[in-house]
Amino acid sequence: MRRIFVDFEMNPVAKVFADFRRQCRAEVIQIGAVMMDEKLNITDSFCEYVKPQYNPGITKKITRLTGITTEMTEDADSFQNVLTRFLIWCGGQDYEICSWSDSDLWQLLDETSAKEMMDLPGLSYMLNHWRDIQDDFRETLRMDRQTSLEDAVFLAGLDFEGTAHDALADARNTALLHRASRDSETFARMKRAYEEAMTPHVFNFADLFDFRSLQLA
């Protein structure tokens, strides 16, 4: 079965749209995804910006985080049209869709419901075939807490490709991390790195001093 790794970047709904904000507090402004075949080779990618409907522009906080500006989304298409193209790109009903954490799944549920888009062809299949790679990662390594995508990539001994919080880069790195974790040697290295990172350092009074230069009579 093909796997599609997806990431959304979001912008908050402006407070003046109180009624809509009660249903959905943010809007998708970028969809990025990569497709993997059964051999875990990346075969295709998808990336589009989305023009927000319930905010006149991209907030400064989101621009600092993602690099996405109001100008970059001014000529972008609506969420419904971009999502429709994304669903078509995913193709058929023989794939599993994956994301780092379930926040993108909840965003998709909230926004499509608030904008009355739940009947889009292919949407129901996507929602019912969603996989949380972050949760898989935590359970596989028996971690007691979730970790960020960047930290997980570091644990795997990989270099983060591109810029974090760019939807396509995050989707691609999630896919590469998933592929690396299927390798037994990489998995063993990830497990050792996590265990070492989580092993508490026993503080000793000698830690306060450096005795290496001390000359004894």
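The values are calculated or read from the model by the stated rules, or taken from the named source; none is laboratory data. The structure displayed is predicted, hence computed values, not measured ones. Cβ: placed from backbone, ideal geometry, glycine included. Neighbour counts: every protein chain shown.
Remarks
- Identity of the residue in the range 137-166, touching a Ser or Thr at 6+ places or on another chain (Cβ under 8 Å), of a type outside the set (Phe, Trp, Tyr) and in a helix (DSSP H, G or I), that ends up nearest to PHE46 (Cα to Cα): LEU149
- Here the condition is being modelled with pLDDT of 95 or more, under 11 Å from GLU27 (Cα atoms) and of a type outside the set (S, T, N, Q); of LYS51, LYS61, it holds for LYS51 alone.
- Residue in the range 120-138 that is surrounded by 13 or more Cβ atoms within 10 Å (Cβ to Cβ), basic (Lys, Arg) and under 15 Å from ARG3 (Cβ atoms) present: yes
- Filtered residues of the range 39-74 (kept if touching a residue at least 24 places away in the same chain (Cβ under 8 Å) and in a loop (DSSP other than H, G, I, E, B)): LEU40, LYS51, PRO52, GLN53, TYR54, ASN55, PRO56, ILE58, THR59, GLY67, ILE68
- Residues in the range 1-37 that are of a type in the set (Asp, Glu) and within 22 Å of GLU161 (Cα to Cα) were compared, and the one that is surrounded by the most Cβ atoms within 10 Å (Cβ to Cβ) is ASP7.
- Note on the range 23-40: residues that are of a type outside the set (A, V, I, L, M, F, W, C) and within 19 Å of THR66 (Cα to Cα) total 4.
- Of all residues in the range 78-101, those that are more than 26 Å from ASN55 (Cα to Cα) and at pLDDT below 95 have Cβ atoms under 8 Å from Cβ atoms of residues that are among the aromatic types (Phe, Trp, Tyr) and surrounded by fewer than 17 Cβ atoms within 10 Å (Cβ to Cβ), 6 or more apart or on another chain, in GLN93/TYR125.
- Considering residues of the range 107-136 that are part of a loop (DSSP other than H, G, I, E, B) and in contact (Cβ under 8 Å) with a residue 40 or more places away in the chain only, the residue nearest to TYR95 (Cα to Cα): LEU120
- Test set (1) over 19 Å from the mean Cα position of the chain (by Cα); (2) modelled with pLDDT of 75 or more; (3) surrounded by 11 or more Cβ atoms within 10 Å (Cβ to Cβ) - THR163 fails condition number: (1)
- Selection over the range 75-91 of residues that are part of a loop (DSSP other than H, G, I, E, B) and out of contact with any Phe, Trp or Tyr (no Cβ under 9 Å at 6 or more places or on another chain) gives a count of 2.
- Residue in the range 78-86 that is closer than 14 Å to MET126 by Cβ and either surrounded by fewer than 17 Cβ atoms within 10 Å (Cβ to Cβ) or touching a Gly at 6+ places or on another chain (Cβ under 6 Å) (or both) present: yes
- Residue match in the range 94-102 (condition: of a type in the set (S, T, N, Q) and closer than 21 Å to SER148 by Cβ): yes
Here's the yes/no breakdown for (1) touching a residue at least 40 places away in the same chain (Cβ under 8 Å); (2) among the β-branched types (Val, Ile, Thr); (3) farther than 25 Å from ASN11 by Cβ:
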{"residue": "THR140", "(1), (2), (3)": "yes, yes, yes"}
{"residue": "HIS165", "(1), (2), (3)": "yes, no, no"}
{"residue": "ALA175", "(1), (2), (3)": "yes, no, no"}
{"residue": "THR186", "(1), (2), (3)": "no, yes, yes"}
{"residue": "MET190", "(1), (2), (3)": "yes, no, yes"}
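- Of all residues in the range 74-106, those satisfying the criterion of being of a type in the set (Ser, Thr, Tyr) and under 20 Å from the mean Cα position of the chain (by Cα) are TYR95, SER99, SER101, SER103.
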